[in-house]
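The values are calculated or read from the model by the stated rules, or taken from the named source; none is laboratory data. All of these numbers come straight from a predicted model, not from anything done at the bench. When we count neighbours, we look across all protein chains shown, and the Cβ atoms used for this are built from the backbone with ideal geometry, even at glycine.
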Amino acid sequence: MPKAFPILCISLSLVAFSCQPPPQELILGSWKVDSVYAYYNGFDYWEYKEGADWAAYEYTADGQMKEVKFDTYRPYQYRIAEDTLFWIAQQEPNSGAFQILELRPDYMVLRKDKAPIFSGRRQDRYEIRFFSRTRLERQPDAYLPDHN
C-alpha cells in the first residue's frame with residue numbers, strides 16, 4: 001500500500017488539473033488592469049497607479065472583446081490558440097498577440113513583446129499586464145474607431 005500512495009497522489013493531481021475550464025471559458029467577462037511591468041534591455045519598472053492607457057476589457061462567448069476607456073469602446077475579435085491570446089481589430093488583421101502567462105477564474109497575466117525603440121540588434125522589450133475581474137459600472141456610450 002505505501003508504494004501505491006504516490007501514484008494515487010499523482011493521479012488525483014492530474015484529475016484536478018484536467019478539471020479546470022479551458023481558457024476560452026475562463027476569459028469570459030470583464031477584466032481590469034491592476035499593474036504593469038515593463039522591461040527594456042535590462043531596465044525595468046512597475047506601474048501601480050492607473051495610467052491613461054489602462055482600460056477595462058470585456059470578453060464575450062461569441063469571440064468579441066471591447067476595450068473600454070473613458071465611456072468609449074474599441075471592438076475587437078479575439079481568439080485563443082494554445083498559450084496565446086490574439087486581438088483582431090477590424091482595420092488591422094494582426095492587431096496583437098499576448099502570451100498567456102497565467103489565467104485563473106479571478107486573475108490573468110498577459111505578456112506582450114514590443115518593438116525596440118532604438119535601432120540595433122539584441123534588443124529585448126516587453127510588457128506584462130496583471131488583471132483582475134471587475135464589473136463594468138455601465139456600458140460605454142460611444143464607439144471609438146480603429147486608428148489607421
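Is it true that Thr60 is β-branched (Val, Ile, Thr), surrounded by fewer than 17 Cβ atoms within 10 Å (Cβ to Cβ), closer than 30 Å to Arg121 by Cα and modelled with pLDDT of 90 or more?
Criteria not met by Thr60.
Restricting attention to region 132-141, does a residue exist that is in contact with a Gly (Cβ under 9 Å, 6 or more places away or on another chain), within 18 Å of Leu28 (Cα to Cα), at pLDDT below 90 and not in a strand (DSSP E or B)?
For region 132-141, residues in contact with a Gly (Cβ under 9 Å, 6 or more places away or on another chain), within 18 Å of Leu28 (Cα to Cα), at pLDDT below 90 and not in a strand (DSSP E or B): present.
In region 41-62, which residues are under 20 Å from Leu26 (Cα atoms) and part of a strand (DSSP E or B)?
Ala56, Tyr57, Glu58, Tyr59
Does Gly96 satisfy the condition of being closer than 26 Å to Tyr40 by Cα and surrounded by fewer than 11 Cβ atoms within 10 Å (Cβ to Cβ)?
For Gly96, the condition - closer than 26 Å to Tyr40 by Cα and surrounded by fewer than 11 Cβ atoms within 10 Å (Cβ to Cβ) - is not met.
Answer yes or no: is there a residue in region 63-86 that is at pLDDT 85 or above, of a type outside the set (D, E, K, R), farther than 19 Å from Arg129 by Cα and in a loop (DSSP other than H, G, I, E, B).
Yes; the residues of region 63-86 include at least one that is at pLDDT 85 or above, of a type outside the set (D, E, K, R), farther than 19 Å from Arg129 by Cα and in a loop (DSSP other than H, G, I, E, B).
Restricting to region 54-103, count the residues that are within 16 Å of Val33 (Cα to Cα), acidic (Asp, Glu) and free of Cβ contacts under 8 Å to residues at least 12 places away in the same chain.
Of the residues in that region, 1 qualify.
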